[in-house]
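The values are calculated or read from the model by the stated rules, or taken from the named source; none is laboratory data. Predicted, not measured: the structure shown is a model, and the values here were computed from it. Neighbour counts run over all protein chains shown; Cβ positions are idealised from the backbone, glycine included. What goes into the accessible areas is simple: the full protein's heavy atoms, side chains included, and nothing from ligands, DNA or RNA. Shrake-Rupley method; radii C 1.70, N 1.55, O 1.52, S 1.80 Å.
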Amino acid sequence: MAKTPRTSIRIGGASGYWGDSNAAPAQLVEHGNIDYLVFDYLAEVTMAILAKLKSRKEDQGYAHDFVFGVMKPLIGKIAEKKIKVIANAGGVNLEACRKALEQVAKEAGVTLKIGTVEGDNLLDREAELRALGVRDFQSGAEMPARLMSANAYLGAFPIAAALDAGADIVLTGRCVDSAVSLAPLIHEFGWKPTDYDRLSQGSLCGHLLECGAQVTGGNFTDWKDVEAGWDDVGWPIAECFADGSFIVTKPEKTGGAVTPLTVGEQMLYEIGDPAAYILPDVVCDFTGVRMVQDGKDRVRVTGATGRMPTRTYKVSATYPGGFRLVSSSVIVGYDAPQKARRVAEAVLKRCERMLKEAGLPPYGATEIDVIGDEALYGASADPRRPVPREVVLRVCVQHMRPEACDLFAKESVGTALATSTGRCGIDAGRPSASPMVRLFSFLIDKAFVEIAVKVDGAAVAFAPFLPPKDHKDSVAHPHVDDTALPGGRKIEVPLIRLAVARSGDKGDGSNIGVIARKAEYLPAIRASLTADAVKAYFAHYAKGSVERYDLPGIHAVNFVLNNSLGGGGTSSVRLDTQAKTFGQLLLSIPVSAPEAWSNELGLA
């Protein structure tokens with residue numbers, strides 16, 4: 001008897017990164033009334049860490065947290081409720097992850113079919129990649145001499161194939177974060193590779209779930225509206241329908257909030273051009289997305305459209321990048337910021353002289369941050385701020401040799417009696433050098449990647465959809481009419497009065513999404529927040545171009561700041577290596593607004 005298709009399913013997003021709270025899966029399994037439980041564990045640096053662990057021990061290289069911290073205590077309840085699980089916990093060792101999970105199931109006395117999706121790991125094909133002459137798609141750099149990891153970002157259709165073959169749990173290596181949520185929609189609703197609008201909506205659903213509680217009030221600009229529930233925040237659930245529409249919600253009686261602003265902030269997180277959000281299964285256009293409150297803690301999301309995907313997969317490879325060391329201390333008293341900077345400058349000058357005397361090259365990069373004196377604001381710091389009497393001095397150095405970093409560690413402590421008064425340590429002992437991992441990203445033809453789908457170790461037939469080799473994507477950006485801006489006298493207000501913001505990283509680039517609190521505020525925001533104005537505000541960080549993109553569907557703009565993270569999160573000496581603070585920094589920028597808005601902005 002043929003299975004009756006479901007009209008809707010509920011997906012719970014239980015993890016945004018390797019290390020996320022284990023409270024999420026239990027909450028969703030016990031109180032979420034979900035059909036699918038999905039996990040995102042992997043980032044570029046995570047892959048390198050897992051590869052290093054596997055090189056030391058053959059049964060390592062996957063996310064142990066998933067098997068032993070999540071599945072072991074919950075597998076009985078998951079089996080009882082017939083919840084299907086999808087996780088990219090396999091890392092670089094899918095087989096070891098599968099065997100460990102099988103053992104956990106056996107010990108719990110449950111029988112579950114485990115599917116795997118292989119083929120993302122290209123490290124064993126390094127010679128083939130080198131012969132192809134691949135280059136970094138942003139910098140144009142050649143492939144490094146030695147790779148630590150190399151993984152293609154796979155899509156959702158292989159996962160759906162495992163579900164079609166009866167898998168109760170599907171494990172993958174590297175896949176795009178949203179694929180773990182898109183796959184059950186493909187499986188349940190029978191979506192095809194050419195259902196581009198539905199695939200785009202499903203991908204948006206996955207993008208909203210992939211960072212856990214960040215869509216249900218976590219990291220929200222208006223934090224005072226949700227902080228009372230931080231101790232029991234609700235993790236996200238998506239109620240998904242066959243036409244691609246979905247509702248974002250959370251378990252009842254949990255903390256946080258689900259509103260168009262909390263959901264909108266997450267949509268803008270870590271995206272570039274919203275009209276061309278490129279994924280393996282579809283090129284998404286989010287510019288027309290609309291979000292409507294559909295009851296308490298329920299937001300209905302519609303309007304994403306899609307186009308044919310590209311012929312290539314993105315591959316993220318990592319390679320050794322030298323060493324990094326961070327030294328921190330507290331300095332107090334009058335002129336604390338000035339004293340702190342002079343301490344850092346003196347220690348660096350001494351170490352550079354000692355490196356030269358030892359025949360070693362200078363530090364590759366250094367960074368001095370006086371935390372407590374608006375260090376992250378650069379020249380945009382408030383000139384009227386009082387001089388703090390207590391600051392944290394953070395100094396980071398980078399070098400190809402660990403002994404050069406260790407020298408700085410020794411001297412930063414060894415000058416305690418020779419420089420500033422009012423100084424004490426933060427950590428016991430001396431800091432030590434840690435190896436850095438650098439990122440090398442490139443594109444590879446999808447036909448090069450050999451995807452294998454299995455269920456309980458048995459092969460499942462899978463043929464990937466391959467767009468034509470000569471396919472070229474065409475991007476159309478929306479026109480925005482600014483004529484609605486009221487005339488009359490103007491006043492200056494900080495952006496936070498008019499908008500909320502969320503920021504994130506993409507390699508050495510970053511983005512800042514800004515959503516107007518009311519649609520009528522958007523023209524004023526656009527008039528003041530030009531790309532040039534944002535570049536000037538972040539002049540200390542934004543070393544490349546800045547682009548602005550419009551999302552009129554949620555009355556928002558998205559800024560992309562190229563070359564703004566000092567090399568990116570895996571190799572930067574910056575205090576904020578992932579642009580986590582950039583949105584909050586931008587909310588202080590002055591915006592010219594009509595004086596007629598004074599009452600509603602609370603300025604009258």
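Observations on the structure shown:
- Filtered by the rule that a residue be part of a loop (DSSP other than H, G, I, E, B), hydrophobic (A, V, I, L, M, F, W, C) and under 30 Å from Lys192 (Cβ atoms), the stretch 428-485 gives Val449, Ile451, Ala461, Phe462, Ala463, Phe465, Leu466, Val475, Ala476.
To keep it simple, each residue is scored yes or no on (1) part of a helix (DSSP H, G or I); (2) closer than 30 Å to Tyr319 by Cβ; (3) hydroxyl-bearing (Ser, Thr, Tyr).
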position: Asp532; (1), (2), (3): yes, no, no
position: Arg548; (1), (2), (3): no, no, no
position: Asn558; (1), (2), (3): no, no, no
position: Gly569; (1), (2), (3): no, yes, no
position: Arg574; (1), (2), (3): no, yes, no
position: Gln578; (1), (2), (3): no, yes, no
position: Val591; (1), (2), (3): no, no, no
position: Asn599; (1), (2), (3): no, no, no
position: Gly602; (1), (2), (3): no, no, no
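- Residue among Ala463, Ala458 that alone is open to solvent by less than 70 Å² (accessible area, probe 1.4 Å), out of contact with any strand residue (DSSP E or B) (no Cβ under 9 Å at 6 or more places or on another chain) and within 30 Å of Thr111 (Cβ to Cβ): Ala458
- Of residues in the stretch 580-589 being part of a loop (DSSP other than H, G, I, E, B) and closer than 30 Å to Pro435 by Cα, the one most open to solvent (accessible area, probe 1.4 Å): Lys580
- Gly202 being small (Gly, Ala, Ser), over 17 Å from Lys84 (Cα atoms) and part of a loop (DSSP other than H, G, I, E, B): no
- Set Asp373, Asp445: member being touching a residue at least 60 places away in the same chain (Cβ under 8 Å), out of contact with any Phe, Trp or Tyr (no Cβ under 7 Å at 6 or more places or on another chain) and of a type in the set (D, E, K, R): Asp445
- Selection status of Gly422, open to solvent by 50 Å² or more (accessible area, probe 1.4 Å) and on the phi > 0 side of the Ramachandran plot: no
Per-residue answers, yes or no, for (1) in contact with a Gly (Cβ under 8 Å, 6 or more places away or on another chain); (2) at pLDDT 95 or above; (3) under 30 Å from Thr318 (Cβ atoms); (4) charged (D, E, K, R):
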position	(1), (2), (3), (4)
Ala2	no, no, no, no
Pro5	yes, no, no, no
Ile34	yes, yes, no, no
Leu53	yes, no, yes, no
Tyr62	yes, no, yes, no
Val67	no, yes, yes, no
Pro73	no, yes, no, no
Lys81	no, yes, no, yes
Leu101	no, yes, yes, no
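- The lone exception for Gly119 - which of (1) in contact with a strand residue (DSSP E or B) (Cβ under 9 Å, 6 or more places away or on another chain); (2) on the phi < 0 side of the Ramachandran plot it fails: (2)
- Count of the stretch 205-230 residues which are among the aliphatic types (A, V, I, L, M) and assigned to a loop (DSSP other than H, G, I, E, B): 1
- Members of the stretch 258-278 that are open to solvent by 10 Å² or more (accessible area, probe 1.4 Å) and of a type in the set (A, V, I, L, M, F, W, C): Leu261, Ala276, Ile278
- Comparison of Ala452, Ala447, Ala463 shows that the only residue that is within 30 Å of Ile114 (Cβ to Cβ), in contact with a Gly (Cβ under 8 Å, 6 or more places away or on another chain) and aliphatic (A, V, I, L, M) is Ala452.
- Wholly within the stretch 30-149, helices (runs of 4 or more DSSP H) carrying at least 2 residues that are within 29 Å of Leu443 (Cβ to Cβ) and open to solvent by 80 Å² or more (accessible area, probe 1.4 Å): 44-56, 126-132
- Residue match in the stretch 485-496 (condition: open to solvent by less than 10 Å² (accessible area, probe 1.4 Å), touching a residue at least 40 places away in the same chain (Cβ under 8 Å) and touching a strand residue (DSSP E or B) at 6+ places or on another chain (Cβ under 8 Å)): yes
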